[in-house]
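Read the figures in this text as sums done on the coordinates, not as results from a lab. These numbers come from a predicted model, not from an experiment. In this analysis, Cβ positions are derived from the backbone assuming ideal geometry, glycine residues included, and neighbour counts consider all displayed protein chains.
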């Protein structure tokens, strides 16, 4: 019952932070309000969640190819449309060492059904590669997406980024380092701008796991694979990989999602990043702390995901409407 009451609480929290910008957006799909409106079929059979006659899914489109390497993405888009639609780029989690682009497909299908073109992208993993190669890979995906926008019915001027855990980290860096040529080798002139970001239980702190006062050996081990060393031996990598170091006046809007019972990402980690965003007064941004919500709650269409994803979708729609309003003013 606490989870079923969550959408109403989240709506109030968003209204507190965003005011009239939030109030004027009508939710396009309604979260479950009682046990009779829960999507039980999708919960117990996640494959059902992607069976929506309003959308089509195009699997395994190659967006980057070189010797011995093919990087692919999946596309979720509305059927039979000639309009230009807003875009959403999803980056899966997995500690930069594993994961699948089919994770968190619940959000992709729901947004596609609302008229969005959504892309779930793959990237190479550590320890085979070292940061920033992961970021370069997802920026390659963004370049391909914009280059093929007309074919997919996408408005290339409006693309949001989202992702969970390590995917939330990479999505954040995409938004924070847009058009940064050092992360665009060979495609320096490509437009890699992102118009907003929704990291879900994202990784933001890369120093505390090595601190004697706050040790986290498991996370430290993963970070050592990511940067091939510690903050002492690879200071430049740890400087680059930390999202807060890239916040600026040009940072687009962020919605931070954090479970209060997340055993892998602490509330403090997300709160510190939020405070850094607040210091730069990043507009149209918000944070949601979710009671009794654990890590990876959105990988499958569980009750928790069904109650939270509508708020995420409403925020994305709000950003798009704000974009259209500003575009009209020009």
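Below are the figures for this structure:
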read-out	value
All positions within segment 297-313 that are within 16 Å of residue 93 (Cα to Cα) and surrounded by fewer than 20 Cβ atoms within 10 Å (Cβ to Cβ)	300
Only listed residue being buried (at least 20 other Cβ atoms within 10 Å of the Cβ), under 28 Å from residue 205 (Cα atoms) and touching a helix residue (DSSP H, G or I) at 6+ places or on another chain (Cβ under 6 Å), chosen from 142, 135	135
Filtered residues of segment 10-31 (kept if within 23 Å of residue 278 (Cα to Cα) and under 22 Å from the mean Cα position of the chain (by Cα))	10, 11, 13, 14, 15, 17, 18, 21, 22
Failed criterion for residue 270 (all others in (1) surrounded by 18 or more Cβ atoms within 10 Å (Cβ to Cβ); (2) in contact with a helix residue (DSSP H, G or I) (Cβ under 9 Å, 6 or more places away or on another chain); (3) within 24 Å of residue 314 (Cα to Cα) hold)	(2)
Which listed residue, of 186, 202, is more than 21 Å from the chain's Cα centre (by Cα) and either under 28 Å from residue 64 (Cα atoms) or surrounded by fewer than 14 Cβ atoms within 10 Å (Cβ to Cβ) (or both)	186
Strands (runs of 3 or more DSSP E) completely within segment 32-113 that count 2 or more residues being touching a residue at least 24 places away in the same chain (Cβ under 8 Å), over 15 Å from the mean Cα position of the chain (by Cα) and over 28 Å from residue 6 (Cα atoms)	55-66, 69-78
Scan of segment 286-296 for residues that are part of a loop (DSSP other than H, G, I, E, B) and surrounded by 14 or more Cβ atoms within 10 Å (Cβ to Cβ), ordered by number	293, 294, 295, 296
Residue within segment 146-154 that is free of Cβ contacts under 8 Å to residues at least 12 places away in the same chain and closer than 17 Å to residue 60 by Cβ present	yes
Residues located in segment 189-222, provided they are in contact with a helix residue (DSSP H, G or I) (Cβ under 6 Å, 6 or more places away or on another chain), more than 30 Å from residue 321 (Cα to Cα) and not in a loop (DSSP other than H, G, I, E, B)	209, 210, 219, 220
Qualifying positions in segment 258-285 - under 15 Å from residue 244 (Cβ atoms), under 18 Å from the mean Cα position of the chain (by Cα) and assigned to a helix (DSSP H, G or I)	269, 270, 271, 273, 274, 277
Some residue of segment 114-126 being in a helix (DSSP H, G or I) and more than 24 Å from residue 183 (Cβ to Cβ)	no
Residue check, residue 161 crowded, with 22+ Cβ neighbours inside 10 Å, touching a strand residue (DSSP E or B) at 6+ places or on another chain (Cβ under 6 Å) and part of a helix (DSSP H, G or I)	no
